[in-house]
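The values are calculated or read from the model by the stated rules, or taken from the named source; none is laboratory data. This structure is a prediction, so every number in the text was calculated from the model and none was measured. Cβ coordinates were reconstructed from backbone atoms using ideal geometry, including for glycine residues, and neighbour counts include every protein chain displayed.
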Amino acid sequence: MSAIQVTAKACANIALVKYWGKRDVRLNLPAAGSLSLTLAALVTETSVLFDPALEEDDLVLDGEAADASRITPFLNVIRGVAKIETHAWVISRNHFPTASGLASSASGFAALALAASHAAGLDPTPRELSILARIGSGSAARSIFGGFVRMHEGIRTDGNDAFAEPIDTPLVDKVRMVIAIVGGGAAKTHGSRDAMEHVAHTSPLYRGWLTTVPPDLAAAEAAIAAGDIQALGEVAEANALAMHASAIAARPPIIYWKPATLALLAAVRELREQGRAAWATMDAGPHVKVLTTVEDASAVANALRDAPGVTSTMISEPGGPAEITKQEPR
Ligand code: PMV
């Protein structure tokens with residue numbers, strides 16, 4: 001195999017119906033489906049080169065040497081499929097705050113799956129890439145695709161039916177997401193990987209959470225099919241609160257919210273009372289992401305910027321699918 005350096009980019013995604021709990025930890029098989037919106041403003045770009053001169057994988061993250069042990073098991077999966085043993089140089093850059101609950105693992109593993117598979121001489125289909133990205137991080141399966149995306153939980157033990165698919169809808173051109181960053185994007189305290197296991201094992205509300213997912217997914221899909229952003233926003237906000245309720249009830253509790261998070265939830269409610277389209281969702285961090293319309297995006301961002309504890313806001317359009325941006329023979 002002649003060496004080829006491949007660069008790929010992928011956008012992060014924010015779940016409107018959350019993935020929170022696994023049926024298989026090793027393969028990252030989700031306990032339930034999920035549904036997300038891919039975001040153009042949150043991009044990871046990753047270059048991969050398999051180099052016979054390397055004795056172990058080498059990772060540079062945002063310009064600094066990083067511990068490659070989180071990606072080596074993932075690269076081993078690709079090496080296994082490609083039937084190679086060569087180690088890789090991986091250079092990855094997040095164009096947003098890393099590990100702060102802004103879903104950098106989703107865009108990170110989606111970009112890595114695409115760049116590394118091609119650098120290893122493979123040419124997977126989008127569905128195969130989604131399955132591969134899922135092994136890196138459950139939410140990464142959704143970042144292979146643009147716009148609204150549905151993740152299937154699957155029933156197989158090999159995970160070959162646990163992949164994401166894009167939902168083709170004109171609604172995608174009408175929505176925006178406003179991201180309100182709380183506390184300057186400081187590193188989060190509980191990574192989602194460990195947190196969802198802890199919740200599944202200790203939270204008395206975990207079972208209740210799981211039973212809310214299928215009806216929420218059905219409602220979200222129906223809302224998207226009907227082009228009804230209000231119905232979609234209402235189910236998204238309720239679903240996020242149910243996920244966080246399960247985490248708060250874990251023993252010991254996992255509380256991702258800061259005072260600013262609650263101030264933002266109140267501000268979002270107030271925006272709605274003023275007739276604006278605004279529905280909140282939160283992930284494994286204190287930030288609040290608000291689903292809104294093209295028309296209301298600036299008003300929503302302006303209102304949230306003034307909430308106490310908010311360090312910045314951004315408006316994102318829906319993003320496109322993961323793509324290769326460069327391929328160079330070495
Ligand atoms: O893919 P992970 O392991 O980073 O988990 C993502 C978990 C949430 O962001 C909280 C929810 C989701 O569906 O993205």
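Quick one: which of Glu45, Glu56 is surrounded by 18 or more Cβ atoms within 10 Å (Cβ to Cβ) and in contact with a strand residue (DSSP E or B) (Cβ under 6 Å, 6 or more places away or on another chain)?
Unique residue meeting the criteria: Glu45.
What is the residue count in the stretch 199-228 for residues that are within 17 Å of Trp257 (Cβ to Cβ) and more than 11 Å from the ligand (Cβ to nearest atom)?
Residues meeting the conditions: 3.
Note down all Cβ pairs under 9 Å where the first residue falls in the stretch 212-227 and is within 14 Å of Gly147 (Cβ to Cβ) and buried (at least 21 other Cβ atoms within 10 Å of the Cβ), the second is at pLDDT 95 or above and hydroxyl-bearing (Ser, Thr, Tyr), and they're at least six residues apart or on different chains.
Ile224/Thr169
One residue is enough: does the stretch 277-290 have a residue meeting the conditions more than 25 Å from Ser107 (Cα to Cα) and touching a Ser or Thr at 6+ places or on another chain (Cβ under 8 Å)?
Yes, the conditions are met somewhere in the stretch 277-290.
So which of Val6, Val48 is within 21 Å of Ala141 (Cβ to Cβ), in a strand (DSSP E or B) and touching a His at 6+ places or on another chain (Cβ under 6 Å)?
Only one candidate passes the filter, namely Val6.
This table checks each residue for (1) of a type in the set (Val, Ile, Thr); (2) within 9 Å of the ligand (Cβ to nearest atom); (3) in contact (Cβ under 8 Å) with a residue 12 or more places away in the chain.
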{"site": "Ala8", "(1), (2), (3)": "no, no, yes"}
{"site": "Gly21", "(1), (2), (3)": "no, no, yes"}
{"site": "Asp24", "(1), (2), (3)": "no, no, yes"}
{"site": "Leu27", "(1), (2), (3)": "no, no, yes"}
{"site": "Pro30", "(1), (2), (3)": "no, yes, yes"}
{"site": "Gly33", "(1), (2), (3)": "no, no, yes"}
{"site": "Thr38", "(1), (2), (3)": "yes, no, yes"}
{"site": "Ala41", "(1), (2), (3)": "no, no, yes"}
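Just wondering, is there one or more residues in the stretch 64-75 that are assigned to a loop (DSSP other than H, G, I, E, B), away from the ligand (no atom under 16 Å from the Cβ) and modelled with pLDDT of 95 or more?
Yes.
Only one of Ala231, Ala195 is surrounded by fewer than 24 Cβ atoms within 10 Å (Cβ to Cβ), at pLDDT 95 or above, within 16 Å of the ligand (Cβ to nearest atom) and over 24 Å from Asp58 (Cα atoms); which?
The match here is Ala195.
Looking for whichever is surrounded by 18 or more Cβ atoms within 10 Å (Cβ to Cβ), closer than 29 Å to Thr44 by Cα, of a type in the set (A, V, I, L, M, F, W, C) and at pLDDT below 95 here; the options are Val310, Val288. Which one fits?
Result of the check over Val310, Val288: Val310.
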